[in-house]
Structures are given as structure tokens and as C-alpha cells.
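Remarks on the structure that follows.
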Amino acid sequence: MTATLSNLVASYGLIAVFALMALESCGVPFPSEVIMPTAGVLVAGGHLNLAAAIVAGALGNLVGSLVAFGVAARWGEPVLLGPGRWIGIRAHHIEIADAWFRRWGLWAVLAGRLLPVIRTYISFPAGLARIKLVPFAILTFVGALPWCAALAYAGYVLGQNYDRVSRPIEYAAFCLAAIVAVIVIAWYLRGRSTPPARTS
């Protein structure tokens, strides 16, 4: 997958960055940890503009998130966990993002954009909760910008040496995602196991 995504970005530039980041925000398991650094490598080679690559990635995140939000708001979990399974959406993805959203509310949209796994699926519980669309869109874009900027800049700094370290970066991202998932699941299960307070 790493090679395929890198080739798409190299071949189609900003269009590929926008489209792939939009698909990632729809729940398709395309790692932004590969897409945006590859764009940064192209910036280092003089093929793309750094600011344009960052904005394209953030706008892709926004558009994909709005699609995911709309699908969840309109059709809910039956579609997410039915046809959604064909693009990689699983029940535990929704549970993790939902636990995060319930804990932090609307601010989870902003903070969640900076966390692997959660950032991809946070739009679904937000859509299910039918929060206000304008604040959701603003916080999504604002949260996506630093994530896209950091990854693109990392690729820019690494330049043509990125091929040597792309695999370790991907592994590190997956490890971080697993750690975050374990923490959120543990928090969620702990909350469910806590007995309700007695009322007098």
C-alpha cells in the first residue's frame, strides 16, 4: 500500500493528495502518514509547493469528514457497519471514536484530528450525534492543518532519503495507533464497569 499511495501522489500531485486524504477521512484505511510525507518529498524535489500541499491535505480531510458526517447523520450505524465494512470500517473503530467523542464533546473533533485511528473515524459519532455542521467543519479544518503540516514538513526535511525510512515511520504510526486504541478502550471499559451512583 505504501508504494501505491506514494506513486499516486507522485503521479497526480495535489489532486492525489486531496483525493486520498478525503478518502482517509471517509474511513478508507489510507494512512496519511504516507500520503503527506510523500507530498513533502515532492516539495523537496521542486515538484509541489509546501503550503499548497498542506492546504490540499487539510481540505481533503474536511471534504471527506463532511461526507462521513453526512452518511452517519442520514443513515446511521446500519450503513457504517454494513456496506461500510467494505472500506475497512469496523465496530471497534466506531466504539473508540464514540468513546472519545462522548468524553470530550465537540472539542473531540479538534483534538481527534491529531490522533491516529481516532482522527479517521471521529466524524461518524459526530454525525450520529448530529452536532452543528459549521463548528464541526471549522474544528475539522483547524485540527487537520497542523497534522498535515507536520507530516508534509517531515517529508520535506527527509527529502529523497524518505524511501529509507518510510517503513519505520509507518510502523511507528501503527504502534502509536495501537497504544491510543488500548488506552481509549481501557477507559471506555472502565467507565462501563463503574457502578452508577446511588440515589437517596
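The values are calculated or read from the model by the stated rules, or taken from the named source; none is laboratory data. This structure is a prediction, so every number in the text was calculated from the model and none was measured. As a convention, Cβ positions derive from the backbone with ideal geometry for all residues, glycine included, and neighbour counts pool all protein chains shown. Just so you know, the surface numbers come from the protein's heavy atoms only, side chains and all, with ligands and any DNA or RNA stripped out. Shrake-Rupley method; radii C 1.70, N 1.55, O 1.52, S 1.80 Å.
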**Residues of the stretch 154-184 satisfying the condition of being surrounded by fewer than 16 Cβ atoms within 10 Å (Cβ to Cβ), at pLDDT below 80 and of a type in the set (Val, Ile, Thr)** = Val165, Ile179, Val182, Ile183
**Item:** Criterion violated by His93 - all others in (1) closer than 24 Å to Gly60 by Cβ; (2) at pLDDT below 70; (3) not in a helix (DSSP H, G or I) satisfied
**Value:** (3)
**Asked** Going through the stretch 1-41 one residue at a time, which ones are at pLDDT 90 or above, aliphatic (A, V, I, L, M) and open to solvent by less than 30 Å² (accessible area, probe 1.4 Å)?
**Response** Ala16, Val17, Leu20, Met21, Ala22, Ile35, Met36, Ala39
**Fill in**
How many residues of the stretch 45-59 are open to solvent by 40 Å² or more (accessible area, probe 1.4 Å) and either in contact with a Leu (Cβ under 8 Å, 6 or more places away or on another chain) or closer than 13 Å to Ala22 by Cα (or both)? The answer is 2
**Asked** Assuming Leu114 fulfils every condition listed in (1) under 20 Å from Leu59 (Cβ atoms); (2) open to solvent by 20 Å² or more (accessible area, probe 1.4 Å); (3) in a helix (DSSP H, G or I) apart from one, which condition is it?
**Response** (3)
**Message:** For the stretch 126-153, give me each residue that is under 21 Å from Asp98 (Cβ atoms) and either open to solvent by 60 Å² or more (accessible area, probe 1.4 Å) or at pLDDT 95 or above (or both).
**Reply:** Arg130, Lys132, Leu133
**Complete:** Within the stretch 23-65, of all residues that are touching a residue at least 40 places away in the same chain (Cβ under 8 Å) and not in a helix (DSSP H, G or I), the one nearest to Ala137 (Cα to Cα) is Cys26
**Request:** Being part of a helix (DSSP H, G or I) and without any contact (Cβ under 8 Å) to a residue 60 or more places away in the chain is the filter here, so list the residues in the stretch 123-145 that pass it.
**Result:** Pro125, Ala126, Gly127, Leu128, Ala129, Val134, Pro135, Ile138, Leu139, Val142, Gly143
